[in-house]
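Chemist: Starting off with a structure, shown below.
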Amino acid sequence: MHQRRGGKKRQALARALTLGHTPERAARTADTDAEPAPAVDFLRSGALSAAAPAPDVVEVLAENWQAVEVFGHCQMTWIGSGMGGMFAIGIAAKEAQAAIQMLGAEPQAEVFGQVIEMGREAAQALNERAGQHEPE
């Protein structure tokens, strides 16, 4: 599968945000003085234990900032896996598109792909922390 520019950084970022770290813009642009967005609390789960301590703040490259903002407005999609409990599967396309439109993120198609990719990585991190495996 073709990896988009910055994909590995976004994957690591999605995991960090999912594990409760706060994003901080690495290189602020002149057109905004906005404060860093708060951690995506809705992705945290008190029932899940932290695998390893990590920094409280993660660096977000300017090229990924829109995707992080959209990601922070989306909710994870979960499915029941029978006796295995709940399983995170990512961010639904409708959820990502609604957040993109609400925030006016551009270019929409690129940000959409980045957010979906981050959602998959975040779901994998949540499932790993919970000891869940992909339902068959």
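The values are calculated or read from the model by the stated rules, or taken from the named source; none is laboratory data. The structure presented is a predicted model; accordingly, all values stated were derived computationally and were not measured. When we count neighbours, we look across all protein chains shown, and the Cβ atoms used for this are built from the backbone with ideal geometry, even at glycine. Just so you know, the surface numbers come from the protein's heavy atoms only, side chains and all, with ligands and any DNA or RNA stripped out. Shrake-Rupley method; radii C 1.70, N 1.55, O 1.52, S 1.80 Å.
Chemist: Rounded to the nearest 10 Å², what accessible area does E106 have for a 1.4 Å probe in the complete protein model?
Modeler: Counting only protein heavy atoms, E106 exposes about 110 Å² to solvent.
Chemist: Given points 7 Å out from each Cα along the Cα-Cβ axis, report the W78 to K8 separation in nanometres with one decimal.
Modeler: Spacing of the two 7 Å Cα→Cβ label points: 3.3 nm.
Chemist: Run the numbers for D56 and A92: contour at 0.36 nm per residue of separation, minus the present Cα-Cα distance, in nm.
Modeler: Gain on stretching D56 to A92: 10.2 nm.
Chemist: Now a separate question. At a 1.4 Å probe radius, which order do K8, K94 fall into by accessible area, largest first?
Modeler: K94, K8
Chemist: Using Cα-Cα distances under 8 Å and only pairs 6 or more residues apart, what relative contact order does segment 64-136 have, in percent? Mind dumping the intermediate values first?
Modeler: Working: 84 pairs, mean separation 26.2, N = 73.
Here the relative contact order equals 36 percent.
Chemist: In what sequence, largest accessible area first, do T18, T77 appear using a 1.4 Å probe?
Modeler: On the way: T18 0, T77 45 Å².
Putting T18, T77 in descending order of accessible area: T77, T18.
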